[in-house]
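Visitor: Sharing a structure, written as structure tokens. Questions coming.
The values are calculated or read from the model by the stated rules, or taken from the named source; none is laboratory data. Bear in mind the structure is a predicted one, so any value in this text is a computation, not a measurement. Here Cβ is always computed from backbone atoms with ideal geometry, including for glycine, and neighbour counts include all displayed protein chains. Note: areas computed on protein heavy atoms with side chains; ligands, DNA, RNA excluded. Shrake-Rupley method; radii C 1.70, N 1.55, O 1.52, S 1.80 Å.
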Amino acid sequence: MRARYGVPLGITAVGAAGLAYAVGFEVRSFRLRRITVPVLPRGMRPLRVLQVSDIHMVSGQRKKQRWLQSLAGLRPDFVVNTGDNLSDPEGVPEVLDALGPLMEFPGAYVFGSNDYYGPKLRNPARYLMEKASGRHGLNGNAPAVGVVHNPWTEIRDAFDAAGWVGLSNTRGRLKLDDIEIALTGLDDPHIKRDRYAEVAGGPESGADLSLAVVHAPYLRVLDAFTADRYPLILAGHTHGGQLCIPFYGALVTNCDLDTRRVKGLSTHEAGDHTSYLHVSAGCGTNRYTPVRFACPPEATLLTLTPQAP
């Protein structure tokens, strides 16, 4: 009996332990990623940018709220929120409570599909099938029907009241003492709300630094921003793959970005220009798949420094 059933039972035990770890520990094991990006003009002082993304707040997630509140202790120069704040139509008060201390700093934001629409239960294997077929979100798939509409305007109004700059298919500026930051953003490409023609033309003159911001890092968007010569693009959406294989990495990105660049700092080339790309793995999950494995939830503190001589 031992010889016959020992291996299957062992595999089952390992699988159960891994699931318990993914659900019970790692999904709440919040981390801060710190990176340095040399994109500033020479002679300019370094800037500290806090990027938060993919919070996917569900009512009752107190530990996540406290952790997000604690990030204000980093004292960033400004905050960039790259969307998907909700995974529960009732979660708006918790989102605003969690981000309240950060809203004391200058900031900018874009929205993702989960800000607009409530989550739906779906088979996780569909992400693999979508990767194989090259069909992601509404990009090539039929439009969503029967979806729950989230109260996203309440978040928008609170962000705007705090002075954060909305960047949905538009441009905006942040003034940091004697430094002016120009930002260009898009609405979520994952649900075909991006309108690059409305913001095309590249960095604005007169700003000390220009940044590009989008929720989902689809290649058409990265190509456009890079060809327009933005030095740095900030994005989220991928959850870093969410369920990764140790020593291998992510299996999917939930968009057409390659898995090698699913999270962290990389570069993107288009035309004759190369831009830095930072993709946040985010700090939440869809409420119906509350697991992470080999991919802890995170926020990122980016220190922007002058370019090398």
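Visitor: What's the number of the condition residue 149 fails, among (1) open to solvent by 50 Å² or more (accessible area, probe 1.4 Å); (2) out of contact with any Pro (no Cβ under 9 Å at 6 or more places or on another chain)?
Guide: (2)
Visitor: Within segment 56-72, which residues are exposed (fewer than 14 other Cβ atoms within 10 Å of the Cβ) and at positive phi?
Guide: If the condition is that a residue be exposed (fewer than 14 other Cβ atoms within 10 Å of the Cβ) and at positive phi, then 60 is the only one that fits.
Visitor: Taking residue 208, is it farther than 17 Å from residue 108 by Cα, modelled with pLDDT of 95 or more and touching a strand residue (DSSP E or B) at 6+ places or on another chain (Cβ under 6 Å)? Explain how you work it out, then say what you get.
Guide: Working: farther than 17 Å from residue 108 by Cα: no; modelled with pLDDT of 95 or more: yes; touching a strand residue (DSSP E or B) at 6+ places or on another chain (Cβ under 6 Å): yes.
No: the conditions fail for residue 208.
So that you can scan it fast, the table gives a plain yes or no per residue for (1) basic (Lys, Arg); (2) closer than 22 Å to residue 76 by Cα:
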site: 216; (1), (2): no, no
site: 220; (1), (2): yes, no
site: 230; (1), (2): no, yes
site: 254; (1), (2): no, no
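Visitor: Here is a further query. Can you go through 59, 87, 53 and tell me which one is without any contact (Cβ under 8 Å) to a residue 60 or more places away in the chain and polar (S, T, N, Q)?
Guide: None of the others qualify; the one that does is 59.
Visitor: Let me ask another. Name every residue in segment 25-55 that is buried (at least 20 other Cβ atoms within 10 Å of the Cβ) and under 13 Å from residue 282 (Cβ atoms), in order of residue number.
Guide: Matches in segment 25-55: 27, 51, 52, 53, 54, 55.
Visitor: Can you tell me which residue in segment 169-197 is modelled with the lowest pLDDT, limited to those that are in a helix (DSSP H, G or I) and surrounded by fewer than 22 Cβ atoms within 10 Å (Cβ to Cβ)? Spell out how you get there, then give the answer.
Guide: Just the residues of segment 169-197 that are in a helix (DSSP H, G or I), to begin with: 189-191, 196-197.
Those still in the list that are surrounded by fewer than 22 Cβ atoms within 10 Å (Cβ to Cβ) too: 191, 196-197.
Numbers: 191: 95, 196: 98, 197: 98.
Out of the qualifying residues, it is 191.
Visitor: Further question on the same structure: Scan segment 253-309 residue by residue and report those that are closer than 12 Å to residue 240 by Cα and among the basic types (Lys, Arg).
Guide: Passing the criteria: 260, 261, 263, 292.
Visitor: Hey, could you check segment 88-118 for residues that are of a type in the set (Gly, Ala, Ser) and modelled with pLDDT of 95 or more and say which is surrounded by the most Cβ atoms within 10 Å (Cβ to Cβ)? I'd like the intermediate steps shown before the answer.
Guide: Of all residues in segment 88-118, those of a type in the set (Gly, Ala, Ser) come to 91, 98, 100, 107-108, 112-113, 118.
Then keep just the ones that are modelled with pLDDT of 95 or more; that gives 91, 98, 100, 107-108, 112-113.
Numbers: 91: 24, 98: 25, 100: 15, 107: 22, 108: 25, 112: 30, 113: 24.
So the residue we want is 112.
Visitor: Here's another thing I want to ask about it. With respect to residue 35, is the statement that it is in contact with a Gly (Cβ under 9 Å, 6 or more places away or on another chain), within 28 Å of residue 118 (Cβ to Cβ), at pLDDT 95 or above and among the aliphatic types (A, V, I, L, M) true? Quick ask: steps written out before the conclusion?
Guide: On the way: in contact with a Gly (Cβ under 9 Å, 6 or more places away or on another chain): yes; within 28 Å of residue 118 (Cβ to Cβ): no; at pLDDT 95 or above: yes; among the aliphatic types (A, V, I, L, M): yes.
Judged against the criteria, residue 35 is not a match.
Visitor: Looking only at segment 90-113, count every residue that is in a loop (DSSP other than H, G, I, E, B) and without any contact (Cβ under 8 Å) to a residue 60 or more places away in the chain and tell me the total.
Guide: Initially, segment 90-113 is screened for residues in a loop (DSSP other than H, G, I, E, B), giving 90-91, 100, 105-106, 110-112.
Narrowing further to those that are without any contact (Cβ under 8 Å) to a residue 60 or more places away in the chain: 90-91, 100, 105.
Summing the residues that are in a loop (DSSP other than H, G, I, E, B) and without any contact (Cβ under 8 Å) to a residue 60 or more places away in the chain in segment 90-113 gives 4.
Visitor: Which ones in segment 276-299 are of a type in the set (S, T, N, Q) and within 10 Å of the chain's Cα centre (by Cα)? Please lay out each step first, then the result.
Guide: The initial filter retains those residues of segment 276-299 that are of a type in the set (S, T, N, Q), namely 280, 285-286, 289.
Once the filter is applied, which keeps residues that are of a type in the set (S, T, N, Q) and within 10 Å of the chain's Cα centre (by Cα), segment 276-299 yields only 280.
Visitor: Can you give me the number of residues within segment 123-143 that are in a loop (DSSP other than H, G, I, E, B) and either modelled with pLDDT under 70 or surrounded by fewer than 10 Cβ atoms within 10 Å (Cβ to Cβ) (or both)?
Guide: The number of residues fulfilling the criteria is 7.
Visitor: Answer yes or no as to whether residue 200 is touching a residue at least 40 places away in the same chain (Cβ under 8 Å) and open to solvent by 30 Å² or more (accessible area, probe 1.4 Å). First the steps, then the outcome.
Guide: On the way: touching a residue at least 40 places away in the same chain (Cβ under 8 Å): no; open to solvent by 30 Å² or more (accessible area, probe 1.4 Å): yes.
Criteria not met by residue 200.
Visitor: If you don't mind, another one. Taking the conditions exactly as written (at pLDDT 95 or above, of a type outside the set (S, T, N, Q), touching an Asp or Glu at 6+ places or on another chain (Cβ under 9 Å) and open to solvent by 50 Å² or more (accessible area, probe 1.4 Å)), does residue 75 satisfy them or not?
Guide: On the way: at pLDDT 95 or above: yes; of a type outside the set (S, T, N, Q): yes; touching an Asp or Glu at 6+ places or on another chain (Cβ under 9 Å): no; open to solvent by 50 Å² or more (accessible area, probe 1.4 Å): yes.
Answer is no for this residue.
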